[in-house]
Amino acid sequence: MERIKIQPRNNWQSAVEKLGFGFHTSDVAYWDESAYYTFSLDEITRIETATAQLWELCLGAVQHVIDEKLYAQFHIPEKFVPYIERTWNDDHPAIYGRFDLCVKDGKIKMLEFNADTPTSLYEAGIVQWFWLQDFDKSKDQFNSIHEKLIAYWKYLKIYLHPGKLHFTCLKETLEDLTNTEYMRDCAIQAGLDTKLVFIDDIGWDSTGEQFVDLENEQIKNIFKLYPWEWLAHEEFGGNILKDSNDAFWIEPAWKMILSNKAILPILWKLYPENEYLLPAYFEDNGMKDYVKKPILSREGANIEIVKHYGTVEKSEGEYGEEGFIYQQLFELPDFDENYPVIGSWIIGQETAGMGIREAKNLITDNKSRFVPHLIT
């Protein structure tokens with residue numbers, strides 16, 4: 001793994017905007033093609049293997065949480081427990097997730113799993129692929145995201161209720177909308193009948209006890225880029241439990257377990273000494289070097305990095321009310337004060353590709369940059 005500095009393409013902004021990538025820059029650059037990362041084929045194979053094995057471990061951990069009724073450790077509302085268990089036992093369809101990995105010194109370690117509302121899908125699947133075609137089309141990437149999304153939507157079609165597949169996210173969130181519309185485009189290419197409705201505009205027909213869109217069309221299948229932990233604590237989300245259509249929500253409610261960082265201590269307890277896992281606990285357990293993480297948080301908020309019992313980095317935010325976990329510190333590799341995290345995608349049941357986000361510090365936050373990669 002190497003980081004190579006290069007000159008960005010002329011008018012690269014125009015090139016990515018033609019792809020529909022409108023959030024490439026805010027107050028700081030998000031898409032960064034002034035560098036790229038290289039990987040050997042052997043490194044890619046090992047990342048694929050790690051991702052596949054971690055996915056299997058996670059499925060085993062979900063079953064354990066359900067069998068042992070460990071929901072209190074996840075701060076999951078009790079009223080949602082029967083629904084979570086039903087979506088798991090009935091195999092409600094799921095389509096994707098992103099493992100955040102640290103690759104360093106020949107080791108691969110899982111930092112966390114973005115199992116419910118992972119973003120950077122579009123950047124990983126489309127934007128960096130078209131960058132590679134301009135930069136050096138003779139090279140390859142670890143990237144079959146687009147093809148696997150279309151193939152898996154075709155597979156999921158038989159699981160869905162008859163009718164449209166709605167897609168939803170919050171209004172006025174360009175990043176969320178781009179990722180949602182990308183996912184929707186893949187479903188369209190798979191032959192599904194789709195419709196966009198912002199989650200702010202989803203209505204509830206109290207007479208028929210069913211969700212409806214702005215045209216009063218019933219919602220029977222819906223892909224959401226909106227966190228389960230928000231839905232589970234909102235009055236509106238409570239209607240899911242009495243929906244007469246029993247709509248399929250994608251991702252399904254059982255992902256509420258995997259998207260919660262409380263899964264990290266569970267994984268370590270179940271699979272101690274696994275080569276891809278870091279020791280993690282619900283208390284610091286006497287560790288002198290660790291990362292303190294809220295069980296529910298986003299974009300690197302409320303993270304504290306401790307070395308030799310002292311805080312070396314800390315981020316602010318509004319999370320932490322539900323509690324924290326403590327994960328042994330495994331520092332990101334340092335490339336001239338650029339610290340990359342590998343986001344390795346699982347689509348359906350298969351590894352599918354990766355994207356790299358890097359920051360100028362050890363906490364990957366909402367100021368991190370997406371940097372493309374290729375295989376040497």
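The set of residues in the range 355-374 that are among the β-branched types (Val, Ile, Thr) and either part of a loop (DSSP other than H, G, I, E, B) or outside the structural domain of Trp129 (by TED's automatic domain parsing) (or both) comprises Ile363, Thr364. Quick one: in the range 144-168, of everything that is of a type outside the set (Ser, Thr, Tyr) and either assigned to a strand (DSSP E or B) or in contact with an Asp or Glu (Cβ under 7 Å, 6 or more places away or on another chain) (or both), which residue is farthest from Thr351 (Cα to Cα)? Ranking the qualifying residues of the range 144-168, first place goes to Lys164. Residues of the range 109-129 that are closer than 12 Å to Gly343 by Cβ, small (Gly, Ala, Ser) and modelled with pLDDT of 95 or more: Ala124, Gly125.
The single condition among (1) more than 23 Å from Glu350 (Cα to Cα); (2) in a helix (DSSP H, G or I) that Lys171 does not meet is (2). Within the range 310-332, restricting attention to residues that are β-branched (Val, Ile, Thr) and at pLDDT below 95, the residue that is farthest from Glu358 (Cα to Cα) is Thr311. Look at (1) modelled with pLDDT of 95 or more; (2) of a type in the set (Asp, Glu); (3) assigned by TED's automatic domain parsing to the domain that holds Gln63; (4) in contact with a His (Cβ under 9 Å, 6 or more places away or on another chain) and you find that Asp243 fails only one, number (4).
Taking the range 60-85 as the range and being touching an Asp or Glu at 6+ places or on another chain (Cβ under 9 Å) and at negative phi as the test, the residues that pass are Ile66, Tyr71, Ala72, Phe74, Ile76. Of all residues in the range 293-314, those satisfying the criterion of being surrounded by fewer than 17 Cβ atoms within 10 Å (Cβ to Cβ) and either more than 20 Å from the chain's Cα centre (by Cα) or assigned by TED's automatic domain parsing to the domain that holds Ala72 (or both) are Lys307, His308, Tyr309, Gly310, Thr311, Val312, Glu313, Lys314.
Tallying residues that are in a loop (DSSP other than H, G, I, E, B) and either under 12 Å from the mean Cα position of the chain (by Cα) or acidic (Asp, Glu) (or both) within the range 95-118 yields 6.
Considering only the range 151-165, I want to know if a residue exists there that is among the charged types (D, E, K, R) and closer than 19 Å to Ile356 by Cβ.
Within the range 151-165 (the criterion being among the charged types (D, E, K, R) and closer than 19 Å to Ile356 by Cβ), the answer is no, since none of the residues qualifies.
Would you mind stating whether Ala359 is at pLDDT below 95 and either under 20 Å from the mean Cα position of the chain (by Cα) or surrounded by fewer than 23 Cβ atoms within 10 Å (Cβ to Cβ) (or both)? Answer is yes for this residue.
Select from the range 213-265 the residues that are of a type in the set (S, T, N, Q) and over 16 Å from Asp91 (Cα atoms) and write down the one among them that is surrounded by the most Cβ atoms within 10 Å (Cβ to Cβ).
Step one: filter the range 213-265 for residues of a type in the set (S, T, N, Q), giving 216, 218, 221, 239, 244-245, 259-260.
When the remaining residues are screened for being over 16 Å from Asp91 (Cα atoms), the result is 216, 218, 239, 244-245, 259-260.
Working: Asn216: 8, Gln218: 18, Asn239: 17, Ser244: 11, Asn245: 16, Ser259: 21, Asn260: 27.
Checking each candidate, the answer is Asn260.
Among residues of the range 164-175 that are without any contact (Cβ under 8 Å) to a residue 60 or more places away in the chain, those with a beta-carbon under 7 Å from a residue that is of a type in the set (Val, Ile, Thr) and assigned to a loop (DSSP other than H, G, I, E, B) at least six positions away or on a different chain give the pairs His166/Val197; His166/Ile219; Thr168/Val197; Thr168/Ile202. The set of residues from the range 191-218 being among the aromatic types (Phe, Trp, Tyr) and not in a strand (DSSP E or B) comprises just one member, Phe198. Considering only residues in the range 131-143 that are out of contact with any Leu (no Cβ under 8 Å at 6 or more places or on another chain) and in a loop (DSSP other than H, G, I, E, B), the one that is surrounded by the most Cβ atoms within 10 Å (Cβ to Cβ) turns out to be Phe142.
Within the range 260-290, being free of Cβ contacts under 8 Å to residues at least 40 places away in the same chain, in contact with a strand residue (DSSP E or B) (Cβ under 8 Å, 6 or more places away or on another chain) and assigned by TED's automatic domain parsing to the domain that holds Lys307 holds for Lys288, Tyr290. Among residues belonging to the range 317-347 that are in contact with a Ser or Thr (Cβ under 9 Å, 6 or more places away or on another chain) and aromatic (Phe, Trp, Tyr), point out the one that is nearest to Gln53 (Cα to Cα). Looking at residues that are in contact with a Ser or Thr (Cβ under 9 Å, 6 or more places away or on another chain) and aromatic (Phe, Trp, Tyr), I get Trp345.
Looking at the range 64-103, which of its residues are basic (Lys, Arg) and surrounded by fewer than 16 Cβ atoms within 10 Å (Cβ to Cβ)?
Taking the range 64-103 as the starting set, the residues that turn out to be basic (Lys, Arg) are 69, 79, 86, 98.
Of everything in the range 64-103, those that are basic (Lys, Arg) and surrounded by fewer than 16 Cβ atoms within 10 Å (Cβ to Cβ) turn out to be Lys69, Lys79, Arg86.
Does Glu48 satisfy the condition of being crowded, with 20+ Cβ neighbours inside 10 Å and within 30 Å of Phe135 (Cβ to Cβ)?
no
The values are calculated or read from the model by the stated rules, or taken from the named source; none is laboratory data. For clarity, every value in this text was computed on a predicted model and none was experimentally measured. All Cβ positions, even for glycine, are placed from backbone atoms using ideal geometry, and neighbour counts span all protein chains on display.
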